[in-house]
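Some notes on the structure that comes next.
The values are calculated or read from the model by the stated rules, or taken from the named source; none is laboratory data. Just so you know, these numbers come straight off a predicted model, no measurement behind them. All Cβ positions, even for glycine, are placed from backbone atoms using ideal geometry, and neighbour counts span all protein chains on display.
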Amino acid sequence: MSTSLPSVTTRTEPRSAPDGMGNGLFATSDIKVGEDVVHAAVPFVAVLDSPRLEDTCSGCFGKKQMEGGADLKACTGCRVVKYCDRPCQSKDWKFAHSMECPIFQKLKPMVLPNNARALLRMVLRTGRGKYSPRELEIFNGLETHMSQIQEIQAQFDRVNLTAKAVKEYSQSDMTHDDIAAYAARLDLNSFNLTTALYDRIGLYLHPYASLINHSCDYNATVGFDGEEIFVKAIRPIKKNEQIFVSYIDTTTPNEVRRKELIERYFFDCQCPKCAKGKDTPEDRFSKPVEDTSVLEEAERQALELMQSASASDAKPDETIACLESALHALHKSSVWPLTRQPYASIRDQLIVSLLAGDKFHKAFIQAAIRYLRVDPELYSPAHPIRHIHAWILAKLAIYISQGGEPSPRDPIQLQDFGINFHYILWYILADLASRQPESCTVPSFKKLVGANFAQVHNEFKSHGIDPSTQKAVVSAEWRKLERLVQYALDRE
Ligand SMILES: [Zn+2]
Ligand SMILES: [Zn+2]
Ligand SMILES: [Zn+2]
């Protein structure tokens, strides 16, 4: 169906939504799991977070780098943004950089924060008539929640200050109030721009995708492939059903979700999951607890340790030690499920820290726990996060199967478990590859998985082995992995 929007393909249309949700998108046909609900090839605006300007291409947002691109070269005019090559540079030049480059030069050595850079781009593009009338109409119809923002002094000041600066830099003839409304709409309607591997790199806005309402019980997920946004069905969606994505991390307990949605998006969630209150897996403990003070104390300790772990002056080894202690604090309460937050997110942070510190053996154990015990509870089989986590485990299995050295000081030595990591790797990739048609991951990720699986499978074949015909061998290796995971969890 055409939305009369350039570069958007979709099987939805905007309609007014029930329960005071304003407008929403509704399916115009049945949509199967993994299929595109909305795809927009060109953003309304997308910018990198300031630290990412150094290491990510502002033209393709890291897409070519993931395929093994060359070194980035800075724009010779402003030296603020960097690109893979000529095509990436000239694409961004035409989109907005020709207008912003002279402004960036004047502001040096100051570099504007991401939201100001995004606002500047939108104002400059509006002034040059680069948006279609329909695009602007939908954008201008998006919520600003200005009246609520006015009551929060800090946020109101920030919106006005950014608008004032952008009006001055751009020399735009838009009014201050119109620019401030742009800023408020950006705050409220932007998505986290991520890589195909779901690492956050910046801010993204497309007015059509922003029409999608929130539910903690969502039926679609959002992913990015370079500057393209993909909204995909994570459940079968019937014709005329409303599309929902989640604006927040919905693995957290009811009260945490409610607070975040009210504070950040100004609404009280009425979704089916929130209607159940505390009677959902996100809120439950392993068994009923009489004395909740033990749990409160465990959570307090864990949160305090998480904070020390993220302190700016914490050394990598200290960060890891704090996160391991935080896991231990929840583990010893003996009723805290691995999937109840903040347990799962502490483990996620620990894996990131272990990878950053080149502690690949320890990272493998944690990633295996997440793969086997956490993700199957938290995410449905088509969920992109589950696929990305499996991919990280596969990458670690590649490292270990190629003889990556263990650290003699690790409390758990992988080699004690006699695992053949080649078979583990083959199984994870084979499973990922077989789930591709129904997965909500983006095309670049699917390509990566397909290529790696083919390579691993061919290596086996060159030795005259086909693991797909060796079910017993593969399951025996898998049982060893299960033993390793249980052993590690008992000692958490
Ligand atoms: Zn590029
Ligand atoms: Zn420049
Ligand atoms: Zn909800």
Consider Pro109 against the criteria (1) outside any helix (DSSP H, G or I); (2) within 28 Å of the chain's Cα centre (by Cα); (3) over 17 Å from Thr162 (Cα atoms): it satisfies all of them except one. Which criterion is unmet?
(2)
I'm told Asp92 meets every condition in (1) within 13 Å of ligand 2 (Cβ to nearest atom); (2) modelled with pLDDT under 95 except one. Can you identify the failing condition by its number?
(2)
For the stretch 180-206, which residues satisfy the criterion of being of a type in the set (Lys, Arg) and assigned to a helix (DSSP H, G or I)?
Arg185
Which members of the stretch 215-230 meet the condition of being in contact (Cβ under 8 Å) with a residue 40 or more places away in the chain and either part of a strand (DSSP E or B) or among the β-branched types (Val, Ile, Thr) (or both)?
Ala220, Thr221, Gly223, Phe224, Asp225, Glu228, Ile229, Phe230
Taking interchain pairs and intrachain pairs at least six residues apart, which have beta carbon atoms under 6 angstrom, with the first residue in the stretch 466-484 and within 9 Å of Tyr423 (Cβ to Cβ) and the second exposed (fewer than 12 other Cβ atoms within 10 Å of the Cβ)?
none
For Ile392, all conditions in the list (1) out of contact with any Leu (no Cβ under 9 Å at 6 or more places or on another chain); (2) not in a loop (DSSP other than H, G, I, E, B) hold save one; what is the number of the exception?
(1)
Residue count, the stretch 236-247 (criterion: buried (at least 17 other Cβ atoms within 10 Å of the Cβ) and either in contact with a helix residue (DSSP H, G or I) (Cβ under 7 Å, 6 or more places away or on another chain) or among the basic types (Lys, Arg) (or both)):
1
How many residues does the stretch 251-278 contain that are in contact with a Phe, Trp or Tyr (Cβ under 7 Å, 6 or more places away or on another chain) and within 9 Å of ligand 3 (Cβ to nearest atom)?
1
Considering only residues that are at pLDDT 95 or above and either closer than 30 Å to Gln65 by Cα or outside the structural domain of Thr126 (by TED's automatic domain parsing) (or both), which ones fall in the stretch 179-188?
Leu186
Starting from the stretch 2-14, keep only residues that are assigned to a loop (DSSP other than H, G, I, E, B), then list their pairs with residues that are modelled with pLDDT under 80 and not hydroxyl-bearing (Ser, Thr, Tyr) whose Cβ atoms are within a distance under 9 Å, requiring at least 6 positions of separation or different chains.
Arg11/Met1
Output for the stretch 53-71, where each listed residue is assigned to a helix (DSSP H, G or I) and within 16 Å of ligand 2 (Cβ to nearest atom):
Leu53
Filtered residues of the stretch 369-419 (kept if among the small types (Gly, Ala, Ser) and touching a Ser or Thr at 6+ places or on another chain (Cβ under 9 Å)):
Ala382
When you scan the stretch 105-116, do you find a residue that is within 11 Å of ligand 2 (Cβ to nearest atom) and either assigned by TED's automatic domain parsing to the domain that holds Leu161 or touching a residue at least 12 places away in the same chain (Cβ under 8 Å) (or both), even just one?
yes
Give the stretch 216-245 a look and list any residue that's of a type in the set (Gly, Ala, Ser) and in contact with a Ser or Thr (Cβ under 7 Å, 6 or more places away or on another chain), or say none.
Gly223
